[in-house]
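Shown next, in structure tokens, is the structure this report addresses.
Read the figures in this text as sums done on the coordinates, not as results from a lab. The structure presented is a predicted model; accordingly, all values stated were derived computationally and were not measured. Glycine also receives a Cβ, built like all others from the backbone with ideal geometry; neighbour counts cover every protein chain displayed.
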Amino acid sequence: MNDVTQKTYECFRVEIKDHIANIILSRPDKANSMIRPFWVELPQIVRAIDDNALARVIVLTAEGNHFSSGMDVSVFSTGVDLSAHELGRVQANVMETLKALQQTFSCLEEARMPVLMAAQGACMGATVDFASACDMRYCTKDASFSIYEINIGMVADLGTFPRLPYLIPHGLARELAYTGRRMLADEARSSGFVNQVFDSVEEMHKAVFAIAHEIADRSPLAVWGSKEMLNYGRDHSVADSLKHMAVWQAGMFQKPEILEAFKARAEKRPANFENLLPRISAL
């Protein structure tokens with residue numbers, strides 16, 4: 001088994017307990033900026049958890065005063081001087097590079113288990129791309145969210161624009177994109193971007209992990225199916241989504257899971273559901 005809790009990462013620590021994987025951003029002295037190893041380590045961790053069915057829920061937290069200041073400036077630099085010919089070759093690979101970076105966050109959406117983000121302090125630039133790919137977001141009252149790329153002459157390109165307008169009103173998404181201003185915690189809550197706002201990190205973590213436990217107590221197969229249907233429905237018509245639901249249910253409907261849920265409720269005990277199986281590619 002791929003034990004991600006025993007590996008050493010430059011940008012993360014991983015803890016797994018009670019079917020909940022806590023992926024912790026662990027560079028607080030650098031405001032958890034997203035240096036080059038970040039873009040490799042995060043998808044490795046998430047895919048290992050998903051492929052090997054190591055958890056039923058993923059919770060993203062961060063050490064320090066700020067969740068993340070976004071992409072580190074070092075990622076933009078090649079570290080060498082390039083001739084015009086070499087620069088052209090580098091630019092020809094920009095699309096492939098961006099697609100790889102996008103997968104760093106898309107893997108959160110593709111994971112079979114829900115992903116919850118608990119954020120404090122600054123959440124800038126690529127952190128909004130990061131947050132938008134999660135199932136649910138929670139924050140402290142000092143948190144702020146900024147599509148900062150516009151302030152440095154860039155377009156946010158790692159997932160904010162395809163996802164954010166499905167989370168908040170289109171007009172607000174456009175205002176944030178065009179101005180780069182900070183959206184404070186209260187506005188993030190009132191607009192629907194975050195589920196709840198808390199007074200402290202400790203209070204937030206306690207509440208978010210309580211929600212994670214509630215999810216982990218449900219049928220992992222049913223939770224996966226619910227996530228699959230919600231994501232599919234966002235990107236397809238109602239008619240296509242209903243057909244997809246029918247196909248899924250025809251193949252994945254599990255009567256024993258339902259019987260166990262009813263029996264557990266009648267006996268006033270936690271239900272004993274089967275974990276997801278590892279993905280075939282991980283066997």
Between 0 and 90 degrees, rounded to the nearest ten: what's the tilt of helix 238-252 against the longest Cα principal axis of the chain? 50 degrees
Taking neighbour Cβ counts within 10 Å as the exposure measure, how do M136, M124 sort from fewest upward? M136, M124
Can you give the extra length, in nm with one decimal, that the chain gains between A207 and A100 once fully stretched, where that is 0.36 nm per residue apart less the Cα-Cα distance? 35.2 nm
So how far apart, in nm, are the two label points at I16 and S237 if each is 7 Å from Cα heading toward Cβ? 4.2 nm
Rounded to 0.05, the calculated FRET efficiency for the beta carbons of S190 and Y166 at R₀ = 22 Å is 0.80
All other residues with a Cβ under 12 Å from the Cβ of R36 taken together, and with Lys, Arg as +1 and Asp, Glu as -1, what is their net charge? -3
Over the chain, relative contact order from alpha-carbon pairs under 8 Å, at least 6 apart, %: 17 percent
When only Cα pairs under 8 Å and 6 or more residues apart are kept, what is the percent relative contact order across the stretch 220-282? 37 percent
In this model, which of K7/K227; K206/K263; K17/K268; K30/K141; K206/K227; K243/K263 are farther than 26 Å apart at the alpha-carbon? K7/K227; K206/K263; K243/K263
